1. If the label for residue B:164 sits 7 angstrom from Cα along the Cα-to-Cβ line, what are its distances to the same label in every other copy, in nm to one decimal, shortest first?
2. Given a cut-off of 25 Å, name the pairs among A:41/A:168; A:197/A:343; A:197/A:333; B:197/B:343 whose C-alpha atoms lie farther apart than that in the structure shown.
3. Residue by residue through B:467-479, how many Cβ atoms from other chains fall within 10 Å of the Cβ on average?
4. Distance between Cα centroids, the stretch B:340-418 to the stretch A:53-109: provide it in whole Å.
5. Grab the residue from chain B whose Cβ hugs the B-to-A rotation axis most tightly, plus its distance in whole angstrom.
6. Using only the alpha-carbon atoms of the stretch A:138-259 as identical scatterers, what base-10 log of I(q)/I(0) does the Debye formula give at q = 0.18 Å⁻¹?
7. What does DSSP give for the stretch B:182-312 in terms of the percent of beta bridges that are antiparallel, rounded to the nearest 5?
8. To the nearest whole number, what is the average tally of beta carbon atoms from other chains within 10 Å of the beta carbons of peptide A:29-37?
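Just so you know, all these numbers are worked out from the coordinates, no wet-lab data involved. As the structure is a computational prediction, the values presented were derived from the model and not from experiment. Counting neighbours? That spans all protein chains shown, and the Cβs are built from the backbone with ideal geometry, glycine included.
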Number of protein chains: 2
Amino acid sequence: MKGAELLVRTATACGIDVCFANAGTTEIPIVIALDVVPGIKAILGLFEGVCTGAADGYGRMLGRPAMALLHLGPGFANGIANLHNARRAQTPIVNVIGEHATWHIPNDPPLAMDVDALTRTVSGWVRRNGSPETVSRDLADAVGASLFGQIASLIVPHDHQLSEAGDKVIGEMYFAYDPVDLSLVEETANRLRTAKKPALLVDGPALRRPGLETLARIQQVIPCDLFAPTFFSCMDRGGNLPDVQRIPYFPETAASLMSGYDLVVNVGSHEPVTFFGYPGVRGQVLSDEQDKMYLCNRWQDDMEALTRLAEALGAPGYAMSPAGGQAIAQALKVPDGGLTPEKACLTIAALQPENSIVVEEGITSTFSYFPLTANVPEHTAMTIAGGSIGYGMPCATGAAVACPDRPVINIQADGSALYTVQALWTQAREGLHVITLICSNRGYRIIDMELERAGISERGQNARALIDIDGPPIDWVRLARGFGVPAASVHTCEALAKELRSALAEPGPHLIEMVLP
Amino acid sequence: MKGAELLVRTATACGIDVCFANAGTTEIPIVIALDVVPGIKAILGLFEGVCTGAADGYGRMLGRPAMALLHLGPGFANGIANLHNARRAQTPIVNVIGEHATWHIPNDPPLAMDVDALTRTVSGWVRRNGSPETVSRDLADAVGASLFGQIASLIVPHDHQLSEAGDKVIGEMYFAYDPVDLSLVEETANRLRTAKKPALLVDGPALRRPGLETLARIQQVIPCDLFAPTFFSCMDRGGNLPDVQRIPYFPETAASLMSGYDLVVNVGSHEPVTFFGYPGVRGQVLSDEQDKMYLCNRWQDDMEALTRLAEALGAPGYAMSPAGGQAIAQALKVPDGGLTPEKACLTIAALQPENSIVVEEGITSTFSYFPLTANVPEHTAMTIAGGSIGYGMPCATGAAVACPDRPVINIQADGSALYTVQALWTQAREGLHVITLICSNRGYRIIDMELERAGISERGQNARALIDIDGPPIDWVRLARGFGVPAASVHTCEALAKELRSALAEPGPHLIEMVLP
């Protein structure tokens, strides 16, 4: 068969079932093969940042990769920002990039770029397919590489897609963790036993229910607090799950909170650092005096290491009943009156249903949301892991594709939303149950905050021009409807509650503009 | 003064007066300096692809750089696709990228990326500022490098922006062309004299009025045809200017047209190649038997070389009167009835006023537009030089900023428009006289064409999903109004003519959806 068909057959054999794409001429053979070979659904993004962000949301939810099919260097470039977020979230993604025919590359046609250099900036694994015969091996290797929680990018020249490639579909990926270091597990257990006030800092797969159950087991023998990075990847939360705090965004608060711990054990995370480097402020959140340990590295299995740690500590089995857990879903009340960021968060927290997925990119509007929702019904939360704005709408799109039976709530800052607003259309086309809640404060308020931090109170004309997005104001209702998504604009908590309840009750996407002061 | 202020003072001293920006915390000192130092207007893009595309439009029109101020690696990454177009258009652009503080980079904070690798993929000149003291030298070098028709990217760490940097503003850029090779000019003149049927293939600055005047002089002594690449940078056209044909997009038509010339002299262009590599079709448009010459290289002055060539040929001075020129503005009539791509092009050609700027990204809808407008009133035309879709709206935005007294007509394919649709908001905020004409055919029709070329007539469900954008249809009127741009949708030539006339008569931006079959 031809290289393109072999590639798609390999992808299905390796368990890929979704392809987020914006294809061009150099990917046409693969597009055709996606119809010849059953098993993969192609989903169009109107911009590549939508495709890669959706692949991020999909991969975070399922722990296995979607394929992103991207057109040459420029198509890949458009997807880099959300791949950057995915990289920081340790999301498995397989990018397939169509490349000019090998014999045409020396002609340097208009769309030619250094695709290898571009892909390397965000990928843990990069390969340029060298011949049609190795297409299957290359794709299987890409899938295997992605399962370590990284981005794998395979560049496939057009002529290799079109050429005879043999019939051997490689369905087994190479994927094997390095063994867990049992002496390190033992040492960690000992240090946890002797520490005065230990903390575990967790990210990646261990933040999902099985990991949290193991962490709850450990907490039964070692009193310790659980933390996640400020911008963690994907966390099951609420219900009877143990509480995991986020490390605060601003360095002083973060350092002050963390200073009380004499031992911080990293599980799938890394030593916390400040988001930006502020003059006169230490870049590491922890001091040199605090004891730090890494339970495992990225080539080892976090879950296995955690289980070994629980065993080493003699932790009992997980047996937390819904009623007997430390946390009982807390009864929150929808507040009254005009919306503020805090009241908007409280309204959402009070109404978000069990089993929902919350994709949060509220930036300055949602500081209060996370602590409010520690004890609401069980749900899954995601944050902007790489800090590159415009992740929320695409990520929510991909999460809804991954989990069609779960409502997705995307709490979304307005300035960030405008980066990848085209995602709304994919939500409409695919009938995804995504509710986008726009935090409409008509500006990049985080920059205002950072200016205040820097002691700058005056804003000149140029500074205002680069911070405010209110002249003209974005008409969110028109914008959403323009992309085929029903929309409403609300000014009060009551109106937000009404619209949110109704959007949760209806299938398909909705957008609600929360007009904030 | 501080590094940031020194940088901005240097920029103004080097003639920069516009900064297209989407800044973040690592660029705040520069944002503040833009208010302290008079002379540079900051213009916000809601997405970096808008900023870089606007810098492209600005640079193409004026031949000098705007600054694009971009936030770290992800911000730059979002701007790459339109920088790729700018690179192919030989547009001068100066990118300034804020980077994490030097002491914070080893901490690998969330937004950290390999900015150097990213910038190198599209820039002819890249530098990472090494100390506050060299900020002025670095920025002046960047401006000088850009004037060769390339992208210059300067990475400036946050701490260097904040540190004392001295007061010496370097206002002189290093910018000097290599001397024109006079023996090569002489040889070109001789070969032109002896060729049976010579052609000149021109791109870059020589496509503007002074270059075209020189080409007209040459044509008076050497009968020769003038060509531009399929996707040229920026061309003055119409009125009494000599006709410059485009090399056709599809390879067979291109090769057939060009095969009649025994000599092709390149001026600021390169040997034409096919846009994609098609199996069994030669990648170069010209055959090995055709004689090819390069009058100059990119480090030499095209205009100087052309003038020397005219002198070597003994060409008379330019003395074409508006009435006496070869071309007289042709009287086109607005057609009747339902819109087709051809009738839409004819309507636009008939109505586009003298002195307008036409940014064309019509893809499959505008094949007929270019030949129609050879003899309409004089105007300036731009095309998608790098082939990366989503250039039109941002480029039109930047062109309008560069030339506020000229109406800008952006003929814009719908699928491409959706890549960078946020540009509409900048047009609204800045009150730019841009008229966006959406070629609404609700699909990526170019892929349909390429499928037909490849002999594939059947489209499965996945192929259709990746080609059609009609489910749901984009509501262009709502979308435009959502961004603050007045809009209308038209189905007939009469309605298009009415709306276009009215948009041309009014200041500020307008969008007209041309509903095509």
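1. 7.5
2. Numbers: A:41/A:168 23 Å; A:197/A:343 34 Å; A:197/A:333 35 Å; B:197/B:343 34 Å.
In this structure, A:197/A:343; A:197/A:333; B:197/B:343 lie more than 25 Å apart at Cα.
3. Working: counts 3, 2, 4, 1, 5, 8, 3, 6, 6, 1, 2, 10, 9.
Counting other chains' Cβ atoms within 10 Å and averaging over B:467-479 gives 5.
4. 31
5. Closest to the axis: B:478, 2.
6. Values, matching the q order: -1.09.
7. Numbers: 1 of 15 bridges.
If we restrict to bridges inside the stretch B:182-312, about 5 percent are antiparallel.
8. Per-residue shielding by partner chains comes out at 5.
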